[in-house]
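The values are calculated or read from the model by the stated rules, or taken from the named source; none is laboratory data. Fair warning: this is a prediction, and the values are worked out from it, not measured in the lab. FYI the Cβ positions are ideal-geometry reconstructions off the backbone, even for glycines, and counts take in every protein chain you see. Ligands, DNA and RNA are excluded from the accessible area calculation, which covers all protein heavy atoms including side chains. Shrake-Rupley method; radii C 1.70, N 1.55, O 1.52, S 1.80 Å.
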Amino acid sequence: MKIKLNPDAEVVRTIKEGLKRKDGYCPCKLGKLPENKCMCEEFKAQAADPNFEGFCHCKLYYVSRD
């Protein structure tokens, strides 16, 4: 398993700006809850699933199984 940044530099820039505005919390989720701190718990659970390959909710990270 590999976790990579989205290859689209504009998406990465936009999401990182949102993370700065929200003090490291996912800009795509409501509330500054511990489980929404980037890398969020939702994505960690997805990445732990051996059958998951794809982007996190906000499209910043990508899990590759190659």
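Excluding ligands, DNA and RNA, the accessible surface per residue across the chain is 66 Å² with a 1.4 Å probe.
The stretch between Asp49 and Lys20 holds 7.6 nm of extra length on full extension. This uses 0.36 nm per residue minus the Cα-Cα distance.
Note that segment 6-62, at 4 °C in a medium of 1.567 mPa s, gets a Stokes-Einstein diffusion coefficient of 112 µm²/s from its Kirkwood radius over C-alpha pairs. Residue separation of Tyr62 and Cys28 scaled by 0.36 nm, minus their Cα-Cα distance, works out to 10.7 nm of gained length.
Placing pseudo-labels 7 Å out from each Cα toward the beta carbon at Glu42 and Val12 gives an inter-label distance of 2.3 nm. Name the residue farthest towards the positive end of the dipole of the chain from the options Leu19, Tyr62, Pro7, assuming +1 on Cβ of Lys and Arg, -1 on Cβ of Asp and Glu, about the Cα centre. In the chain, that residue is Leu19.
Counting lysine pairs in segment 22-66 whose alpha carbons fall under 16 angstrom apart, excluding pairs fewer than 8 residues apart on the same chain, gives 7.
Taken about its Cα centre, the chain carries a charge dipole of about 300 debye when Lys and Arg each add +1 at the Cβ and Asp and Glu each add -1 at the Cβ.
Contact order, relative form, for the chain: 43 percent (alpha carbon pairs under 8 Å, 6 or more residues apart, mean separation divided by residue count). Helices in the chain, meaning DSSP H runs of at least 4 residues, each add -39500 (n - 2.57). Divided by all residues, the mean residue ellipticity at 222 nm is -9500 deg cm²/dmol.
Once you reduce segment 46-66 and segment 2-22 to the center of their Cα atoms, the two points are 15 Å from each other.
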